[in-house]
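Single-structure report; data block below.
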Amino acid sequence: MTATDIRKTPQPWWKEAIIYQIYPRSFKDSNGDGIGDLRGIIEKLDYIQRLGVDAVWLNPIFTSPNDDNGYDISDYRNIMDDFGTMDDFDELLSQMHDRGLRLILDLVANHSSDEHPWFIESRKSRDNPYRDYYHWFPAEKGVPPKRFSFFDVKNDAWKYDAHTNSYYLRYFSEKQPDLNWENSALRHEMYNIMRFWLDKGIDGFRMDVIPFISKDTNWPPVQVYSEGPSLHAHLQEMHREVLQHYNMVSIAEGVGVTPEKALNFVDPERKELDLLYHFEGMDIGYIPGAYKVPDPEGVDLLKFKQVYTAWDKVFEQRGWGTIYLGNHDQPRMLSRWGNDDPAFAKASAKLLMTFLLSHRATPFFYAGDELGMSNIRFDSINDYRDIETINQYERIRQEVGDLKTFMDNQKLTARDNGRTPFQWNSDPNAGFSTSNPWLKVNPNYKTVNAELQENDPDSPLSFFRKLVALRRENKTLIYGIYELVDATHPEVYAYSRTLENDRLIVLLNFSSNRTSISLPSYVNEYSVLINNLKQHMRRDSGNVHLEAWQAVIIRVED
Ligand code: TEU
Ligand code: CA
């Protein structure tokens, strides 16, 4: 897309937006039950607005038994008791809109809770009208063909249900039965649920594991779950029936989607979805094929550069990208990709923000990362609340595996590391709650919290606000062509962003060592737009010298 294209055709709001993700359970507890809630978010809307972000993505807020913290929905048209009431929701939405903030909800359409009325009916008998809302396999036909479950203790996605002598499919927990999208009646139920929330005025949906919704019900052996036979037919029907009728953004959680397949979801010509976020970056630094085992070699920056460069290329002509380094399924980005040692935490937190806000992609920024929140590194399995960790622990225990190594690995990789309560201030429970929180607070909250950083010009929080303003003031950071600089440098990730005759270069030293890199030959003079350290970036002839975790964006001057 050229600069004239951008000027000529008004771009959708979500291309220029920064989307702030809030895990409601951990953001702010307003009624002292130790669980975050909608009124807590309302209390903090001024804070959110002052960040300068444009939209908020809330993880599921719907009625749920919370087997998987809301990703198991038992009533799609009601608010989870823990989080408040529909009146609270209406108040939140209207106050967000008053502040110019958009609201994106989390649509969990691949599966429901087993406590949803549909499933309660479906499991009653083989001829129940709701039977085909789910995937059942009659046991007299033998054992169903292998399907993998992320959360099952034996990774077996078929769960036997004696009442009708059948198995039901669930890629996740046994309380999350997969919905049958090959059944048109179910699809239209889901479209009505989407209209219900869109008619209330929400601004979009993040769609949970949406690539998985289509299944070949002959159950052939498959390795890839994100390319079911009718997947794109379903998404095109969803677009026709619902999405095209609203000014909204549709975002695929692109689990299993490769760069080659991404445009099948978000090429505007296909009239399916708008955005997709991928997982390829999230595999870096883990041993391939093992369950979240950190690579002793750590993060391979060359691989990291290759992945994010490849994903920028996907959207060079059509579609639009997204970028993230943390969310509720990932450990804290500071601990995973930066260095949370106090000597480097501040600099590396700011460097990671600079990475996220300087790509040609919509940034998804996870609440707490603006403070440099880091992994809590639980010692005991009893501290964990995440079904994924708990069931994996049980699997290894049953296999008489190495639980100590598993627990050590979870200190870097567990999802609960990214779900600890938001650190507001140095009051008890970091000001998140007046009573014991549902998940322990990181003990570093006395030194890492929003109140301490609010008026500190050198804090990660202040730096984030500066970056948000910089991105807004420089369309080159949003729309500029991306080009990798020095692909082989082992410590520095550098890339240029060019829009017409404006050229910026982003220089990120992803290491705890001082290093240097030669600037492209076309650089003579430059001005510094932002630097995460007080120290200037030293230059001698064609080289620049970067301190540990130093992040600098320069403008090339003629
Ligand atoms: O995640 C889908 C998914 O693939 C992740 O569960 C990830 O692969 C897993 O966490 C391994 O790290 C979505 C939601 O984001 C996640 O929170 C839910 O647990 C899951 O779907 C089921 O709804
Ligand atoms: Ca609460």
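Entry note, the chain: the mean residue ellipticity at 222 nm calculated from DSSP H runs of n ≥ 4, each adding -39500 (n - 2.57), is -8000 deg cm²/dmol after division by the residues and rounding to the nearest 500.
Taking the Cα centre of the stretch 467-558 as origin and assigning +1 to Lys and Arg Cβ atoms and -1 to Asp and Glu Cβ atoms, the resulting dipole is close to 320 debye. Computed over the stretch 356-484, the quotient of the alpha carbon radius of gyration and 2.2 N^0.38 Å is 1.33. Taking other residues whose beta carbon is less than 13 angstrom from the beta carbon of P460, and scoring Lys, Arg as +1 and Asp, Glu as -1, yields -1. Shape class for the stretch 243-300: prolate, because the ratio a/c of the largest to smallest gyration tensor axis (alpha-carbon atoms, square roots of eigenvalues) is 1.5 or more and a/b beats b/c.
Averaging the Cα positions of each part gives two centres, and for the stretch 60-79 and the stretch 446-480 these lie 33 Å apart.
Look at where the Cα atoms of the stretch 381-421 and of the stretch 202-259 average out, and the two centres are 30 Å apart. Once the dipole of the chain is set up with Lys and Arg at +1 and Asp and Glu at -1 on Cβ about the Cα centre, which of Y479, N110, I48 lies farthest towards its positive end? Farthest towards the positive end: Y479. Using unit Cβ charges (K, R positive; D, E negative) and no other charged atoms, how large, in debye to the nearest 20, is the dipole of the stretch 175-297 about its Cα centre? So the magnitude is around 400 debye. Rounded, prolate or oblate: which fits the stretch 69-175, taking a ≥ b ≥ c as square roots of the Cα gyration tensor eigenvalues, rounded meaning a/c under 1.5, else prolate when a/b beats b/c? Cα axes put the stretch 69-175 in the prolate bin.
Taking the accessible area of the stretch 323-375, probe 1.4 Å, and keeping the other protein chains in place, the carbon and sulfur fraction comes to 50%. Other residues whose C-beta falls under 10 angstrom from the C-beta of Q236 contribute a net charge of 0, scoring Lys and Arg +1 and Asp and Glu -1.
Computed from Cα positions, the angle between helix 403-413 and the longest principal axis of the chain comes to roughly 60 degrees.
Overall, the stretch 329-475 carries a charge dipole of about 500 debye about its Cα centre when +1 sits on the Cβ of Lys and Arg and -1 on the Cβ of Asp and Glu, all other atoms neutral. Can you list the trypsin sites (Lys or Arg not before Pro) in the stretch 505-558 that are in a DSSP coil and have 13 or fewer other beta carbons within 10 angstrom? Sites meeting the loop and neighbour criteria: R514, K534. Relative contact order of the chain, please, whole-number percent, based on alpha carbon pairs below 8 angstrom and at least 6 residues apart. The normalised contact order for the chain reaches 13 percent. In the chain, the longest principal axis of the Cα atoms and the axis of helix 301-314 are about 70 degrees apart. Phi angles across the stretch 509-524 convert, under the Karplus curve 6.51 cos²θ - 1.76 cosθ + 1.60 with θ = phi - 60°, into 3J(HN,Hα) values of 8, 7, 8, 8, 10, 5, 8, 9, 8, 8, 6, x, 4, 6, 8, 9 Hz, Gly and Pro given as x. For the Cα atoms of the chain, what angle does the longest principal axis make with the long axis of helix 184-199, in degrees from 0 to 90, nearest 10? The helix 184-199 is inclined about 50 degrees to the chain.
Ligands, DNA and RNA are left out, and with a 1.4 angstrom probe the accessible area of the chain is 38 Å² per residue. Above 45 Å, the calculated P(r) of the chain contains 13 percent of its Cα-Cα pairs.
Sequence-ordered 3J(HN,Hα) estimates for the stretch 242-252 from the Karplus curve with 6.51, -1.76 and 1.60 and θ = phi - 60° stand at 10, 4, 5, 8, 10, 7, 8, 10, 10, 10, 8 Hz, glycine and proline given as x.
Heavy-atom surface analysis with a 1.4 Å probe gives the stretch 261-319 a carbon and sulfur content of 52 percent of its accessible area.
Of the residues G142, N128, Q535, the one whose Cα sits farthest towards the positive end of the charge dipole of the chain is Q535 (charges of +1 on Lys and Arg Cβ, -1 on Asp and Glu Cβ, taken about the Cα centre). Going by the alpha-carbon gyration tensor, a ≥ b ≥ c the square roots of its eigenvalues, is the stretch 1-125 rounded (a/c under 1.5) or, if a/c is not under 1.5, prolate (a/b greater than b/c) versus oblate? Oblate, since a/c reaches 1.5 and b/c is not below a/b.
DSSP loop (so not H, G, I, E, B), at most 16 other Cβ within 10 Å: list which trypsin sites (Lys or Arg not before Pro) in the stretch 57-118 pass both filters. If you can, show how the numbers build up before the last one.
Numbers: sites: R77, R99, R102; in loops: R99.
In loop regions of the stretch 57-118 (DSSP not H, G, I, E or B), the sparsely surrounded trypsin sites (Lys or Arg not before Pro) are R99.
Coupling constants for the stretch 383-394 follow from the phi torsions by the Karplus curve (6.51 cos²θ - 1.76 cosθ + 1.60, θ = phi - 60°), and in residue order they are 7, 7, 10, 7, 4, 5, 5, 4, 6, 5, 4, 5 Hz; glycine and proline get x. The stretch 276-316 and the stretch 498-513 have Cα centres lying 20 Å from one another.
The values are calculated or read from the model by the stated rules, or taken from the named source; none is laboratory data. None of these values were measured; they are calculated from a predicted model. We place every Cβ from the backbone using ideal geometry, glycine too, and count neighbours over all the protein chains shown. Please note that ligands, DNA and RNA were not included when accessible areas were found on the heavy atoms of the full protein model with its side chains. Shrake-Rupley method; radii C 1.70, N 1.55, O 1.52, S 1.80 Å.
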